[in-house]
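Below: the structure, in structure tokens.
The values are calculated or read from the model by the stated rules, or taken from the named source; none is laboratory data. Because the structure is predicted, anything quoted here is derived from the model rather than measured. Quick reminder, even Gly has a Cβ in these numbers, built from the backbone with ideal geometry, and neighbours come from all protein chains shown. Just so you know, the surface numbers come from the protein's heavy atoms only, side chains and all, with ligands and any DNA or RNA stripped out. Shrake-Rupley method; radii C 1.70, N 1.55, O 1.52, S 1.80 Å.
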Protein chains: 2
Amino acid sequence: MRCEVVAVGTELLLGQIVDTNSSWIGEQLAANGIDSYHQTKVGDNLERIVGAIRSALQRSDAVIVCGGLGPTHDDITREAIADVMGVPLELDEHVANAIRAMFAARSRPMPENNLRQALVPRGAVVIEQRRGTAPGLICPVDAKVIYAAPGVPHELFEMMERAILPDLRNRAGETHVIVSRVLRTWGDSESGLAARLADRIERLEIQGTPTLAFLASGIEGIKIRLTAKAVDLAAAHALLAEEEVALRAELGDQVFGVDDQTMESVVLAMLRSKGLTLGVAESVTGGLVGARLTAVPDASDVFRGSIVSYANDVKFALFDMRPGPVVSADAARAMATGARRVLGAAVGLSLTGVAGPSEQDGRAPGTLFVGTDIGGEVEVNELMLTPHRDQMRQIAVISALNLLRLRLEL
Amino acid sequence: MRCEVVAVGTELLLGQIVDTNSSWIGEQLAANGIDSYHQTKVGDNLERIVGAIRSALQRSDAVIVCGGLGPTHDDITREAIADVMGVPLELDEHVANAIRAMFAARSRPMPENNLRQALVPRGAVVIEQRRGTAPGLICPVDAKVIYAAPGVPHELFEMMERAILPDLRNRAGETHVIVSRVLRTWGDSESGLAARLADRIERLEIQGTPTLAFLASGIEGIKIRLTAKAVDLAAAHALLAEEEVALRAELGDQVFGVDDQTMESVVLAMLRSKGLTLGVAESVTGGLVGARLTAVPDASDVFRGSIVSYANDVKFALFDMRPGPVVSADAARAMATGARRVLGAAVGLSLTGVAGPSEQDGRAPGTLFVGTDIGGEVEVNELMLTPHRDQMRQIAVISALNLLRLRLEL
């Protein structure tokens with residue numbers, strides 16, 4: 001089974017948007033045992049979209065066309081697919097009503113062009129849209145198939161997982177199962193992990209499955225992806241479980257989570273299991289720690305709040321600090337304790353540092369002090385992170401939460 | 001003059017690396033007035049690379065092949081180009097000596113496979129490599145041309161700017177320049193904007209330049225990109241300026257920024273110009289407003305801080321609120337005023353709402369109350385946003401900042 005990707009959008013060719021969708025689709029196809037040998041980007045031009053789909057369909061059994069399904073005049077993927085199929089577009093009343101209902105629910109008038117999204121090539125099956133307005137399409141062409149999916153990433157991801165990948169696997173008659181597991185780590189660099197796991201990697205290469213890949217993912221940690229191929233789910237999971245045990249033995253408490261477990265979800269779960277609540281005082285991260293924690297849906301039973309004390313005198317006033325350098329161990333200590341007290345929490349976590357571009361209090365960009373106060377027992381750690389502002393703030397969040405995690409594990 | 005990009009590498013198809021090179025090349029081609037209608041990714045397979053280059057060369061006058069020039073057995077771009085040209089590969093002694101000298105300078109033994117990089121299709125011109133080992137190639141095919149460039153981004157960028165773009169412009173006899181400008185808007189949907197601007201879009205389509213495209217970008221707003229083609233920079237900028245005036249006349253205060261101006265940078269600049277400071281009280285967004293504001297490097301002279309009052313009793317205690325429903329106009333009012341007072345700011349901004357998945361205080365997911373307190377004058381707005389947790393929080397940030405912007409504009 002071969003499947004190609006055609007990404008549609010002039011903005012992709014002009015480099016205004018990087019086409020991350022195709023990369024993500026490629027990853028999913030590989031993980032599902034479907035070969036993918038070509039990916040194409042083409043602009044919002046009917047003739048060229050038709051040409052790209054036709055070429056792809058000649059080479060492969062399936063084509064995923066991504067983007068160009070919106071309501072505006074330059075969204076012409078539907079027209080292109082109908083052309084390739086040699087059929088007319090027809091208004092799907094069910095889809096049209098869903099779009100009308102969506103606007104009505106938001107009490108907004110619906111511009112008429114939105115109904116373009118309800119046009120469906122005759123013979124195509126609609127993939128219900130659950131997050132936006134444009135539905136996806138499954139369009140048979142003789143024994144082959146064209147899928148159309150929205151270019152908005154979260155809409156695409158949801159539709160791929162729910163409808164397109166299952167349909168592809170079904171058509172492929174895929175009997176092997178391929179299962180992945182991600183171990184998330186913090187504490188070592190990607191090359192450091194590769195060096196520590198060199199023997200293990202060599203052994204897996206001889207063995208053939210599972211495979212192992214590293215992926216540095218910023219605030220998400222460094223991921224180790226294990227992918228096992230086996231005759232059934234039980235066998236694949238057994239391979240993954242065995243390899244996970246071996247990796248954990250080597251990496252110890254650097255492994256903080258599995259699959260979708262983020263550092264913040266793990267820390268919240270640890271606090272919850274211990275019956276502890278958390279208050280945060282953040283300066284350099286400006287609210288990022290709170291934002292990440294509250295991205296976890298059930299954070300509210302643990303997370304009390306965060307004081308973003310960006311101005312120095314706000315720190316002094318709210319945390320009863322003596323005026324002095326705010327990028328310091330003393331400040332981190334006062335902020336952690338202050339957060340615990342002001343927010344009425346059992347545990348206080350503080351971050352103060354320099355994101356750059358300039359130094360502050362004689363400290364270089366990249367400097368971070370993290371304070372943790374667990375029931376009055378305070379610890380402070382000093383770290384030196386990257387001096388690049390955005391990355392520094394991201395890395396600061398996961399580093400601080402990791403320090404709290406390590407203390408909670410004791 | 002048409003030029004395509006063929007990016008070579010199995011890791012691109014598998015999604016292990018996102019192909020940012022093609023995006024960057026696309027941007028450069030556009031900026032140099034060279035049309036680019038297709039970009040292709042293909043794996044490390046001779047037959048398929050040859051096929052991709054042949055297809056590209058049929059459609060276009062020039063092809064930039066990016067990647068596959070390294071020393072290892074899967075670097076076969078040279079072989080593929082020689083095949084397309086119908087000529088043999090020959091060792092270029094000058095290049096071979098340069099590679100030998102590079103290893104000698106680093107006192108490292110040279111693995112013999114490095115000399116693969118000195119193989120040049122007969123009739124091709126070498127582009128000297130100044131940063132790594134693999135040179136680039138200019139390979140004439142009748143009146144058309146294939147360029148080969150390394151996949152390592154900084155090597156590619158340097159070679160494009162020094163050799164490939166000048167050669168392309170020269171072949172194109174290109175005298176036109178292409179310039180873009182982005183207007184950022186908030187207040188209308190993408191389809192709503194399209195409907196409002198329908199006459200304008202039709203007129204531009206007849207006129208041919210500038211072109212206009214919409215791009216919904218979440219927390220970055222909905223972007224309207226104008227792209228003008230003209231004989232020189234001055235003429236292109238004049239076209240953009242004229243169109244910007246027309247769009248602003250139609251859209252009014254929905255246009256909040258141009259190019260890289262974000263909603264938060266615009267709000268910070270307005271506050272700064274009025275000598276005002278800002279304090280935030282956020283609940284549903286958990287710190288996102290503060291995080292976005294402090295992503296702007298010079299935020300500290302305006303932004304005092306944010307109180308992330310996630311737990312209800314934290315709201316009651318810190319903002320002197322009477323206990324009651326916290327997703328309400330009264331709560332938004334108390335929080336805006338409380339933020340101003342607690343953080344010692346001239347302006348207070350508050351957000352309280354329901355991100356979901358469950359309802360709260362009898363309010364549905366998507367509900368948002370925004371309070372703005374400018375020197376004691378308080379206003380509260382109620383909005384209904386998308387019920388999806390992540391997007392709701394993102395949209396809440398830009399919506400709240402936009403409400404503050406509109407008040408500051410009065």
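Amide H contacts of B:Q129 (H built 1.01 Å from N, in plane; Pro and chain starts excluded): B:G136 sit under 5 Å, all sequence-distant by 5 or more or on other chains. Seen from A:L46, the other residues with C-beta closer than 9 Å to its C-beta sum to a net charge of -3, counting Lys and Arg as +1 and Asp and Glu as -1. Per-residue 3J(HN,Hα) values for the stretch B:192-197, derived from phi via the Karplus relation 6.51 cos²θ - 1.76 cosθ + 1.60 with θ = phi - 60°, read x, 4, 4, 5, 4, 9 Hz in sequence order (x marks Gly and Pro). A simple count of charges around B:V284, restricted to other residues whose Cβ falls under 11 Å of its Cβ and scoring Lys, Arg +1 and Asp, Glu -1, yields +2.
Each principal axis of the Cα cloud of chain A was evaluated for its coordinate range; sorted largest first, these ranges are 76, 59, 39 Å.
Contact with the other protein chains removes 40 Å² or more of accessible area, compared with the isolated chain and a 1.4 Å probe, from these residues of the stretch A:40-57: A:K41, A:R48. Peptide B:294-305 is shielded by partner chain Cβ atoms: per residue, an average of 5 of them sit within 10 Å of its Cβ. Across B:P387, B:P111, B:P166, mean-square fluctuation computed from a Gaussian network of chain B (C-alpha pairs under 10 Å connected) peaks at B:P111.
Could you work out the local net charge near A:I374, counting Lys and Arg as +1, Asp and Glu as -1, over the other residues with Cβ closer than 14 Å to its Cβ? Neighbour charge sum, excluding A:I374 itself: +2.
Go ahead and run the numbers for FRET between B:D142 and B:A246, Cβ-Cβ distance against an R0 of 35 Å, rounding to 0.05. Once rounded, the FRET efficiency stands at 0.20. Put simply, the amide H of B:A216, placed in the peptide plane, has neighbours under 5 Å in B:K223, leaving out anything fewer than 5 places away on its chain. Within the protein assembly as shown, the proportion of C-alpha pairs whose separation exceeds 50 Å stands at 21%. Residue by residue along A:125-136, Cβ atoms of other protein chains within 10 Å of the local Cβ number 1 on average. B:K274 contributes about 100 Å² of solvent-accessible surface, heavy atoms of the protein only, 1.4 Å probe. Annotation for the B:A interface, with buried accessible surface near 5200 Å², both sides summed [1.4 Å probe; non-protein components not counted]. For the protein assembly as shown, the solvent-accessible area works out to 39 Å² per residue, with a probe of 1.4 Å and every protein chain left in place. For the stretch B:1-45 versus the stretch B:249-323, the spacing of their alpha-carbon centroids is 39 Å. Taking the stretch A:306-359 on its own, what percent of its Cα-Cα pair distances exceed 18 Å? For the stretch A:306-359, the share of Cα pairs beyond 18 Å comes to 25 percent.
Helical content of the protein assembly as shown, expressed as a calculated mean residue ellipticity at 222 nm, amounts to -12000 deg cm²/dmol (DSSP H runs of 4 or more residues, -39,500 (n - 2.57) each, divided by residue number, nearest 500).
The Kirkwood hydrodynamic radius of the stretch B:219-263, based on inverse pair distances between different Cα atoms, is 11.7 Å. Computed from the alpha carbon positions, the gyration tensor of the stretch B:237-324 leads to an equivalent ellipsoid with semi-axes of 35, 15, 11 Å, biggest first. Amide H contacts under 5 Å for A:Y37: A:C3, restricted to partners 5 or more places along the chain or on a different chain, H placed in the peptide plane at 1.01 Å from N. Which of the GluC sites (Glu not before Pro) found in the stretch A:161-262 are in a DSSP loop and have at most 16 neighbouring Cβ atoms, other than their own, within 10 Å? Filter output for the stretch A:161-262: A:E174. Using a ≥ b ≥ c from the Cα gyration tensor of the stretch B:10-138 (square roots of the eigenvalues), is it rounded, prolate or oblate, where a/c under 1.5 gives rounded and otherwise the larger of a/b and b/c decides, a/b for prolate? Prolate, since a/c reaches 1.5 and a/b exceeds b/c. Along the stretch B:245-251 the Karplus relation, 6.51 cos²θ - 1.76 cosθ + 1.60 evaluated at θ = phi - 60°, assigns HN-Hα couplings of 4, 5, 5, 5, 4, 7, 9 Hz to successive residues, with x for each Gly and Pro. Which residues in the stretch A:269-283 place their backbone N less than 16 Å from a point set 7 Å from the Cα of A:E377 along the Cα-to-Cβ direction? Flagged as within label range: A:271, A:274-277.
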